[in-house]
Amino acid sequence: MKVALITGITGQDGAYLSEFLLGKGYRVIGIMRRSASSDVIGERLRWLGVLDKITLVEGNLTDLGSLVRIVQEYRPDEVYHLAAQSFVATSWQQPSLTGLVTGLGAVTMLEAVRIARPQARFYQASSSEMFGKVQAVPQSETTPFYPRSPYAAAKLYAHWMTVNYRESFGMHASSGILFNHESPLRGIEFVTRRITHTVARIKLGLTDHLTLGNMMAKRDWGHARDYVEAMWLMLQQDIAEDYVIATGRTATVTDFCRLVFDAADLVMEDYVRTDPALLRPAEVELLQGDAAKAARQLGWNARVGLEDLAAEMLAADINRLRG
């Protein structure tokens, strides 16, 4: 039985990855930071019905000793580093914390693996936000980066340090440059989930409007369940490389919003308002990924379309609110 160690296991990607790896026969170990709300932070895992099938251990990305001990004890074959301060808007309010956790945290995890289990295969969750002020459309593995937020800059540091550990120490370390990926397990602070949750509330008569910021920002949205399979496929390759994971389709926030309102049989213009306070200090206007390398070398392609994603998220939120 292979052993997989996942940081950020209680997040959206960690939950879907746990479900996927359990289905492959892995033993799944998840690192969870100590929290006063530990009784509820496993809700995504519980929602998928896998909470009782994994092992959760306490550790912290700012504490090398705790990570080394975990790696020594569980001897993982594969390490998936997903943990981060991952909300872009918060990174302007907490730039130092974002750098510490999202940037240096990845290096701490890499170092723990190098010290205690150098033969383990390592996955780094890089981000399309690193492209920022895009230098080419669409964006591929060779497109120059231009980060436009503290979050993106921290992710870029983690990304290049993963490359550095691969080239310096011969580690099997790959980065997945994942474009936006959503699901019913997405945090409610992210725009897609805020839209589906609020439209569900409107549908059920619990509120009468939805407030958004930049509705013209263009994103490449896929389903998280598809994207975690790509993470696993990267670590099955003989040679570690970096891959863009994306659908290749771009849509505006307005487009996604309209899909959700249409799924709810409501007219979007009757309910949507905009608020300049929700605009980013520096906006990323357009993200569109070119995942040709992943298709060619991993045999990976996105399966869930944007329409189905929007409808699934809305239905889940309606069910939650009714419950």
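Since every read-out is calculated from the coordinates, none of them should be taken as a lab result. Note that this is a predicted model, so its numbers are computed, not measured. Because the Cβ atoms are built from the backbone with ideal geometry, glycine has one as well, and the counts that use them run over all protein chains shown.
So here's what we get for this one:
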read-out	value
Point-to-point label distance, ALA277-ALA89, nm (Cα→Cβ direction, 7 Å offset)	1.1
Distance in nm between pseudo-label sites at LEU104 and GLU307 (7 Å out along the Cβ direction from Cα)	4.9
Mean ellipticity per residue at 222 nm, deg cm²/dmol - from DSSP H runs of n ≥ 4 across the chain, formula -39500 (n - 2.57)	-11500 deg cm²/dmol
Exposure proxy order (Cβ contacts within 10 Å, fewest to most) of TYR80, TYR151, TYR271	TYR271, TYR151, TYR80
In the chain, lysine pairs with alpha-carbon atoms under 22 angstrom apart (chain gap of 8 or more, or interchain)	7
Span-like helix ranges in the chain, DSSP H, alpha carbon extent 20 angstrom or more, Kyte mean at least -0.5	150-169, 306-322
Rounded Å value of the spacing that divides the Cα centres of segment 62-135 and segment 207-266	22
Exposure proxy order (Cβ contacts within 10 Å, fewest to most) of ARG194, ARG273, ARG303	ARG273, ARG303, ARG194
Protection-proxy order for peptides 305-316, 177-188, 288-299, each taking the mean of Cβ atoms within 10 Å per residue, highest first	177-188, 305-316, 288-299
